[in-house]
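The values are calculated or read from the model by the stated rules, or taken from the named source; none is laboratory data. Predicted model only: the values in this text are computed from it and were never measured. Quick reminder, even Gly has a Cβ in these numbers, built from the backbone with ideal geometry, and neighbours come from all protein chains shown. With ligands, DNA and RNA removed, areas are computed over all heavy atoms of the protein, side chains included. Shrake-Rupley method; radii C 1.70, N 1.55, O 1.52, S 1.80 Å.
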Amino acid sequence: MKEAELAEKLGLEAVNPLEGTREIKGIYAGDLLSRVMSHAKAGNFWVTIMANPNVVAVAMLVDAGMVVLAEGVEPEPAAAAAAKAKGIALYRSALPAAQLCVAAAALGV
């Protein structure tokens, strides 16, 4: 499923949407950045509550398909700016991480 379609179906709020054409492959949820670096895969729908610029750096490192901040978390201004500068698709949602993952899985991600 493409980034834009998934974001729309899940009702995600765009912080830094991209062109929306990237294929999202798989789901990863986690907040321990070292664990994300060693286990997330390229193209993953990454759900986290971490909202600092380090999330953008890790998303770039693992080539995440999109990053979603769960539980209504607001990105730090520096994180939003970094996502824009580095071309990282960043969204947010009021839903808990587990609910986002289940919903994305139900859509075939």
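Some points to look at:
- Set V102, V56: member being in a helix (DSSP H, G or I), among the β-branched types (V, I, T) and surrounded by fewer than 18 Cβ atoms within 10 Å (Cβ to Cβ): V102
- Check on K9, closer than 24 Å to L107 by Cβ, in contact (Cβ under 8 Å) with a residue 12 or more places away in the chain and assigned to a loop (DSSP other than H, G, I, E, B): no
- Qualifying residue in region 85-95 (condition: β-branched (V, I, T) and not in a helix (DSSP H, G or I)): yes
- For region 26-53, the set of residues classified as in a loop (DSSP other than H, G, I, E, B), touching a residue at least 40 places away in the same chain (Cβ under 8 Å) and open to solvent by less than 60 Å² (accessible area, probe 1.4 Å) consists of G26 only.
- Scope region 55-66; condition more than 11 Å from A89 (Cβ to Cβ), under 13 Å from the mean Cα position of the chain (by Cα) and in contact (Cβ under 8 Å) with a residue 24 or more places away in the chain; matching residues: V55, A57, V58, M60, V62
- Yes/no for V109 being in contact with a helix residue (DSSP H, G or I) (Cβ under 7 Å, 6 or more places away or on another chain), on the phi < 0 side of the Ramachandran plot and in a loop (DSSP other than H, G, I, E, B): yes
- Of all residues in region 69-95, those that are free of Cβ contacts under 8 Å to residues at least 60 places away in the same chain, open to solvent by 60 Å² or more (accessible area, probe 1.4 Å) and not small (G, A, S) total 5.
- From the list E23, E19, the lone residue that is touching a residue at least 24 places away in the same chain (Cβ under 8 Å), closer than 17 Å to A7 by Cβ and open to solvent by 60 Å² or more (accessible area, probe 1.4 Å) is E23.
- All of L12, L33, L69 fail the test of being of a type outside the set (V, I, T) and more than 16 Å from L100 (Cβ to Cβ), apart from L33.
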